[in-house]
């Protein structure tokens with residue numbers, strides 16, 4: 001196929017990718033954005049397949065069938081609570097593909113005299129892809145609670161990481177200078193892989209969503225570097241888009257947690273502060289339990305209600321019950337809104353996706369910065385499975401590990417109903433004084449059952 005035609009189609013696909021990403025910025029246009037991006041990818045793949053410098057179509061067709069089968073099974077089986085793990089796997093596969101493609105191209109070029117651009121791009125693909133692949137699988141294991149739960153580190157780990165990073169970069173320079181040494185490439189990939197494991201295992205808790213976003217960016221950068229290896233403009237552009245969007249998302253999440261990326265990567269995970277009060281000191285004798293009937297009576301007289309969803313709502317799959325409660329309250333003339341924290345759940349937009357699945361109108365979802373100034377005017381706030389993102393210690397205790405992190409100010413509402421199985425801490429592993437506040441009631445129950453019980457009680461009023 002003529003090179004000009006190929007590049008023209010690639011340009012069209014790139015425009016569709018950009019329009020698709022823009023469409024994803026709002027739920028009303030998200031479906032259209034997905035369709036545009038998918039069509040762009042179809043064009044890019046189709047024109048590449050018609051390029052004669054590829055493998056036989058038999059292997060490609062077999063790969064398509066196998067990949068489609070795996071994707072279909074995952075799409076049908078995966079639970080919404082496991083979406084972050086799935087994203088981590090996708091990131092890892094992207095990084096692994098970059099390592100293998102760059103390595104295969106290096107083997108294919110052996111005996112020739114590859115240019116400096118090719119050699120540097122190959123080294124970058126191997127390093128970033130290796131870190132991404134193994135870092136993503138460690139992140140998957142943590143989120144799935146298979147191994148290395150929480151932040152896992154050892155004495156002197158930062159020095160070991162620094163030394164390993166220097167060695168990896170040194171090997172990358174060697175591969176760039178001596179690309180014909182295939183063994184050197186795989187040694188470099190091995191060092192990068194170990195570095196990916198060590199970097200990710202030391203991060204845990206509330207920092208994991210940030211790590212997922214960062215690894216997503218890494219996978220895009222690795223793909224872009226592989227595009228330079230293959231001299232494929234489409235891969236360069238697509239990888240750059242993923243890399244840039246991942247970095248932007250990572251920055252947004254760090255800002256939402258009032259932490260720098262350096263602190264997330266090297267400062268250790270959110271954990272108990274040395275001077276933070278114990279759970280006994282915070283809760284002893286001050287927690288007031290409630291029931292579905294009492295909550296129904298409180299809601300019956302409320303003019304304005306705000307629901308603050310968290311990971312507990314995802315675990316309980318309570319979003320449909322929450323929608324039913326919203327409908328009941330609105331039928332009584334109550335205004336119902338949802339306050340969404342940027343890092344609620346385990347990945348960006350986690351709560352938005354769950355509520356959209358339950359057909360909750362998007363205009364009822366309010367961002368934290370938008371609704372916080374109005375919290376003192378709210379009659380009832382229902383905190384459903386959220387913890388750290390509503391913890392007042394972020395505002396009152398400078399020694400707290402979440403000090404300075406922006407939170408949803410539910411403590412300013414007239415009444416707060418906290419639906420939670422127990423008083424167990426959140427990702428930050430610190431007590432939450434909101435649970436024992438004068439205006440707070442604790443409803444100890446599974447999120448879905450609790451909301452259903454409230455709905456039933458309201459029908460009897």
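Working from label points 7 Å from Cα in the Cα-to-Cβ sense, the residue 422 to residue 367 distance is 3.7 nm. Give me the angle, in degrees from 0 to 90, between the Cα long axis of helix 27-49 and the longest principal axis of the Cα atoms of the chain, rounded to the nearest 10. Tilt of helix 27-49: around 10 degrees. The distance linking region 72-132 with region 284-343 is 43 Å (Cα centroid to Cα centroid, whole angstrom).
Expressed in units of 2.2 N^0.38 Å, where N is the residue count, the Cα radius of gyration of region 78-266 is 1.02. Pairwise Cα separations in the chain fall into 10 Å bins from 0 onward with the following percentages, short to long: 4, 18, 26, 23, 15, 9, 4, 1, 0. Residues 142, 395, arranged from fewest to most other Cβ atoms within 10 angstrom of their Cβ, appear as 395, 142. Here region 279-459 is described by how far its Cα atoms reach on the three principal axes: 45, 35, 30 Å, from widest to narrowest. For region 24-67 versus region 228-261, the spacing of their alpha-carbon centroids is 20 Å. Ordered by the count of other Cβ atoms within 10 Å of each Cβ, fewest first, 133, 17, 50 give 50, 17, 133. Once the Cα atoms are used to define both axes, helix 57-77 deviates from the longest principal axis of the chain by about 10 degrees. Using R0 = 56 Å, the C-beta based FRET efficiency linking residue 22 and residue 162 works out to 0.90. Computed from Cα atoms, the angle from the helix 182-201 axis to the main principal axis of the chain rounds to 10 degrees. Residue exposure proxy: 335, 226, 48, 250, ordered by other Cβ atoms within 10 angstrom of their Cβ from fewest to most, comes out as 335, 48, 250, 226.
Values quoted throughout were computed directly from the atomic coordinates according to the rules given, and no laboratory measurement underlies them. What you see is a predicted model, and the numbers here were worked out from it, not measured in a lab. Glycine also receives a Cβ, built like all others from the backbone with ideal geometry; neighbour counts cover every protein chain displayed.
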